[in-house]
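Everything on this sheet refers to the single structure shown next.
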Amino acid sequence: MNVLVINCGSSSLKYQLINSDTEEVLAKGLCERIGIDGRLVYQKAGCDKEITEASMPTHKEAIQMVLDALTNDKTGAIASLKEVNAIGHRVVHGGEKFASSVVITDEVIQAVEECNDLAPLHNPANLIGIRVCGELMPGVPQVAVFDTAFHQTMPAKAYLYGLPLEYYKNYKVRRYGFHGTSHSFVSKRAVEFLGLNPEDSKVIVCHLGNGSSISAVVNGKCVDTTMGLTPLEGVVMGTRSGNIDPAIMEFIAKKENLDISQIMNVLNKKSGLFGLSGGLSSDFRDLNEAAEGGNQDAANAIDVLAYGIAKFVGGYVAAMNGVDAIVFTAGIGENAIPVREKVVSYLGYLGVTLDKDANGHRGEEIVISTPDSKVKVAVIPTNEELAICRETVALV
Ligand code: AMP
């Protein structure tokens, strides 16, 4: 069957049409600048990208343009919308209500809406995508796949914060974790690829991209993860600070005369690798080039990242009382050779040894530890769209 995977943001929308039998991507692309002016990027498998500037006042026009492109006589991937058998939506926050993917019903929409204040930028946009697809393709089953669901198996000791308990009871303030689709996909694949026993396996997944999170997975179930109530917590990211002393917020607010939303803006958009490099770039490639050219701030930013990852990995080895495999994924995890090398350099005490030649590869599924390494280390490319497609097929 053909599954349309939709990832709806506030002003953008990514999509892929996947044949679930062959797992082949028939067409993919994105709509950008929705509500501003509008641009559709469309690429049928084996063809060049087509870019069309067109007015997209709302997500409805954007999704209509995607459907027109998919069924277009010349470069369409399918003859008609009847060939779309199901739609899988990425939904960012499922709160405590959703521990797995679900077929979308009116009740599900209402429950997702109730999680809106936990992800005020993302969930409303995800819901728009769901509603518009429902209008434009009535009768086609839709599935919601949550970023938070995989982490719902965490025990209370991992998800509770040291805050007054009523904040958890009244407002559900707790660790949720994100990138769950990727952590689930990659940890499962790690067990297969590395020949681990699914019933007796301890895996650490380092999803390192523009946003980064690490998870500890025991026998396929998440027991801890670095992102929290929001994606701001954890390791240093492209522009997000990750963990800081919370008292810094008041200190800087006074020094710079900022209010809480301005402080949040700094922590989300001006910190992380971008902030550490003095505003040079949030992109690892730029920082690596600058560091190689002698820029000490860029070099420090990369060191802060690798050191922070190694500390979380060490913490999760303690949390799981051991580890069988450590896996790198996402843009930095799959491609940034020096980051992997630096992280592994802290793990000698675990008996981890890096195969430098293997670590020289980029973007491919590969074991990067030596055969005698006590813990396996691997790169496994993530594929969130394929994971959403598989979840959708399993449910419809
Ligand atoms: P993602 O959010 O997963 O797309 O990852 C984005 C991050 O991956 C950015 O910091 C990129 O610089 C980094 N990245 C992507 N491709 C490469 C590459 N070939 N080498 C090093 N870093 C890369």
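The values are calculated or read from the model by the stated rules, or taken from the named source; none is laboratory data. The structure presented is a predicted model; accordingly, all values stated were derived computationally and were not measured. Note that each Cβ is placed from the backbone with ideal geometry, even for glycine, and that neighbours are counted across all protein chains shown. Just so you know, the surface numbers come from the protein's heavy atoms only, side chains and all, with ligands and any DNA or RNA stripped out. Shrake-Rupley method; radii C 1.70, N 1.55, O 1.52, S 1.80 Å.
Numbers below:
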| quantity | calculated |
| --- | --- |
| Loop sites in the range 264-298: trypsin sites (Lys or Arg not before Pro), DSSP, at most 16 other Cβ within 10 Å | 270 |
| Axial C-alpha extent at least 30 Å, average Kyte-Doolittle at least -0.5 - helices from the chain (DSSP) | 296-320 |
| Å² of accessible area per residue within the chain, as computed with a 1.4 Å probe and no ligands counted | 46 |
| Alpha-carbon gyration tensor eigenvalues x 5, square-rooted, for the range 77-212, Å | 28, 23, 12 |
| Cβ charges +1 (Lys, Arg) and -1 (Asp, Glu), total dipole of the range 13-106, debye | 160 |
| Pairs of alpha carbons in the range 217-258 whose separation is greater than 14 Å (percent) | 62 |
| Carbon plus sulfur fraction of accessible area for the chain, probe 1.4 Å, in percent | 51 |
| Calculated [θ] (222 nm, deg cm²/dmol) that DSSP helices of n ≥ 4 give over the chain, each run adding -39,500 (n - 2.57) | -11000 deg cm²/dmol |
| Straight-distance crosslink candidates among lysines, where the alpha carbon sits under 26 Å from residue 82 and sequence neighbours closer than 8 are dropped | 14, 28, 44, 49, 60, 74 |
| For the chain, share of DSSP beta bridges that run antiparallel, in % to the nearest 5 | 70 |
| Rg(Cα)/(2.2 N^0.38 Å) for the range 303-346, N = residue count | 1.14 |
| Listed residues 379, 350, 369: farthest to the positive end of the dipole of the range 337-383 (Cβ charges) | 350 |
| Computed over the range 230-298, Kirkwood Rh from alpha-carbon pairs, angstrom | 12.5 |
| Sites matching chymotrypsin sites (Phe, Trp or Tyr not before Pro) across the range 114-169 that sit in DSSP coil, with at most 16 neighbouring C-beta atoms within 10 Å | 161 |
| Cα centroid of the range 86-130 to Cα centroid of the range 269-310, whole Å | 34 |
| Taking all pairs of distinct alpha-carbon atoms in the range 287-385, Kirkwood radius in angstrom | 14.0 |
| Projected-area average for the chain over all orientations - Cα convex hull basis, square nanometres | 20.9 |
| Of the GluC sites (Glu not before Pro) in the range 7-49, those whose Cβ has at most 15 other Cβ within 10 Å and which sit in DSSP loop | 23 |
| Cα pair distances in the range 1-92, grouped into 10 Å bins until the bin that holds the longest one, percent each | 18, 52, 28, 2 |
